[in-house]
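For reference, the structure is listed below as structure tokens.
The values are calculated or read from the model by the stated rules, or taken from the named source; none is laboratory data. What you see is a predicted model; the values in this text were computed from it and never measured. Ideal geometry is used to build each Cβ from the backbone, glycine not excepted, and the neighbour counts take in all protein chains shown. Heads up: the accessible areas ignore ligands, DNA and RNA and are worked out on the full protein's heavy atoms, side chains in. Shrake-Rupley method; radii C 1.70, N 1.55, O 1.52, S 1.80 Å.
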Amino acid sequence: MAAGGAAERNGIRNRNKDTMRLTEKKFYPWVVVGLLWVVALLNYMDRQMLSTMQGNIALDISALRDAEAFGALMAIFLWVYGIASPFSGAVADRLSRKWLIVGSLGVWSGVTWAMGYCTDFHQLMWLRGVMGISEALYIPSALSLIADYFTGKGRSLAIGLHMTGLYCGQALGGFGSLVATTWSWQATFHWFGIIGIAYALLLVFLLREKAGHGGAPAAGATNAVPKKKESVARSFAVVFSNAAFWVILFFFASSSIPGWATKNWLPTLFRDNLGLSMEWAGPMATLTIALSSFIGVMVGGPISDRWVKRNVRGRIYTSAIGLAMMIPALVFIGLAHNAWFSVLAGLFFGVGYGMFDANNMPILCQFVSSRQRAMAYGFMNSLGVIMGAITTQLLGGLAESVGLGICFAMMGGILLVALALQLIVLRPTSDDMTDEEPRERLEAEIAAEETE
């Protein structure tokens, strides 16, 4: 028994050494970004396809012909996703993010495949709810994994490149109706589900966890004692005792309002303001935002990575420039009735949004240690999605009484408040907060609790 146990320990040690050798290669962090880019694309594409295939599915499931029922089907995903995100982040801080990513992709791809067999509305509702839980596990795990692989140099660019996978997935999801019309909506769900399951199996062999995550010894620390894992309650206390996190939470939620508004309502606004058919207004809106956001990431990521070397607030200033670009863009998007002005304003908004989006996790890393980053981003993601659900529904009610254009212009005022708070309050002392820094803030409280 002793010999068998020793052999098993030696086998585990050898596998850990192989993993460390691979993860320490200079090129491997970029391999991780490439692998997760595909997962990000599948993440948004699988959730977005349903919105464009309503008419195709309604031919077989009549309940979807009712706009209210279809709205409820779309909303159930957002609410489940939003509620699950903070808890999924807490899980990602404690378990292997590799296996969470693989499992998450496998489950939501299985759900996508199963949706091709649905014959009534309630089956679709249950599956969309399961998809919300499984997809919520992905973003906090993926972004914290990338942040750990890029400790400073290239962090904003790496995270920004990963986020472009979401943009591309959203754009490709818009072609779901075309694919469903060519074949069938059932076959569309089946094939994209199978592709995701196959890719999840590939990640089992290619994706590696960063050494030192979840209390495990860091790379090279052969005789190190594993760190004691922090309780979920204590992690919550550490994060929410940080005033900077509340500001980050506010400006992330504030940007989510116009972010979701452009995703869900910009085609309608272009149709109404410019007198276009939806066949032209839809692609004009989605492609304008997707393309310009990609440009914003490619510009904002490198600027942030260089600026932070000279000034620790460089990432905040880069993000602030993005927010500042979005403010006048929203005004022109809402009030312009000229196609050229509308497209230019959309491009300006997208570039600003990309610069902002590429720096959210890097800024979080300046104020939250790696032990709580996934959970902290999970809260951000949760609030962003919930704000998106509220905004989408609210704009539907205000479209006729106030007008979509006025609503878009007013969103610029919310971003102005977020921009001011960001520049006034956020003053990091380093580009990568260590585990010790947040713990010092609660040291007295923890000691008092243990004494009691």
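Once the stretch 317-344 is narrowed to residues that are open to solvent by less than 10 Å² (accessible area, probe 1.4 Å) and closer than 16 Å to residue 291 by Cα, the residue that is modelled with the lowest pLDDT is 342. Residues in the stretch 353-376 that are out of contact with any Leu (no Cβ under 8 Å at 6 or more places or on another chain) and of a type in the set (A, V, I, L, M): 355, 364, 368, 375. The residue of the stretch 417-452 that is farthest from residue 392 (Cα to Cα), among those that are modelled with pLDDT of 90 or more and surrounded by 15 or more Cβ atoms within 10 Å (Cβ to Cβ), is 428.
Applying the selection to the stretch 389-415, what residues are in contact with a helix residue (DSSP H, G or I) (Cβ under 6 Å, 6 or more places away or on another chain) and over 18 Å from residue 267 (Cα atoms)?
Residues of the stretch 389-415 that are in contact with a helix residue (DSSP H, G or I) (Cβ under 6 Å, 6 or more places away or on another chain), as a first pass: 389, 391-392, 395, 398, 404-405, 407-409, 411-412, 414-415.
The answer is 412, 414, 415.
Taking the listed residues 418, 374, the one that is touching a residue at least 40 places away in the same chain (Cβ under 8 Å), part of a helix (DSSP H, G or I) and over 19 Å from the mean Cα position of the chain (by Cα) is 418, with no other qualifying. Looking at the stretch 248-264, is at least one residue modelled with pLDDT under 90, open to solvent by less than 60 Å² (accessible area, probe 1.4 Å) and over 28 Å from residue 382 (Cα atoms)? There is no residue in the stretch 248-264 that is modelled with pLDDT under 90, open to solvent by less than 60 Å² (accessible area, probe 1.4 Å) and over 28 Å from residue 382 (Cα atoms). The C-beta contact set for the stretch 379-393 (first residue within 11 Å of residue 263 (Cβ to Cβ) and part of a helix (DSSP H, G or I), second residue of a type in the set (A, V, I, L, M, F, W, C) and open to solvent by 40 Å² or more (accessible area, probe 1.4 Å), distance under 9 angstrom, 6+ apart or interchain) comprises 391/265; 392/74; 392/265. Within the stretch 163-211, if we keep just the residues that are in contact (Cβ under 8 Å) with a residue 60 or more places away in the chain and among the aromatic types (Phe, Trp, Tyr), the residue that is most open to solvent (accessible area, probe 1.4 Å) turns out to be 175.
The set of residues in the stretch 99-117 that are under 16 Å from residue 136 (Cβ atoms) and of a type in the set (Ser, Thr, Tyr) comprises 104, 109, 112. Take the residues in the stretch 140-162 that are in a helix (DSSP H, G or I) and open to solvent by 10 Å² or more (accessible area, probe 1.4 Å); name whichever of them is farthest from residue 369 (Cα to Cα). Only one residue fits best here, namely 161. Scanning the stretch 361-371 turns up at least one residue that is closer than 13 Å to residue 249 by Cα, in a helix (DSSP H, G or I) and at pLDDT 90 or above. In the stretch 265-316, of all residues being more than 28 Å from residue 422 (Cα to Cα) and among the aliphatic types (A, V, I, L, M), the one that is surrounded by the most Cβ atoms within 10 Å (Cβ to Cβ) corresponds to 285. Do we have residue 196 as at negative phi, assigned to a helix (DSSP H, G or I), of a type outside the set (D, E, K, R) and modelled with pLDDT of 90 or more here? Considered against the rule, which asks whether it is at negative phi, assigned to a helix (DSSP H, G or I), of a type outside the set (D, E, K, R) and modelled with pLDDT of 90 or more, residue 196 comes out as yes. Does residue 408 meet the test of being buried (at least 21 other Cβ atoms within 10 Å of the Cβ), in contact with a Phe, Trp or Tyr (Cβ under 9 Å, 6 or more places away or on another chain) and not in a helix (DSSP H, G or I)? Judged against the criteria, residue 408 is not a match.
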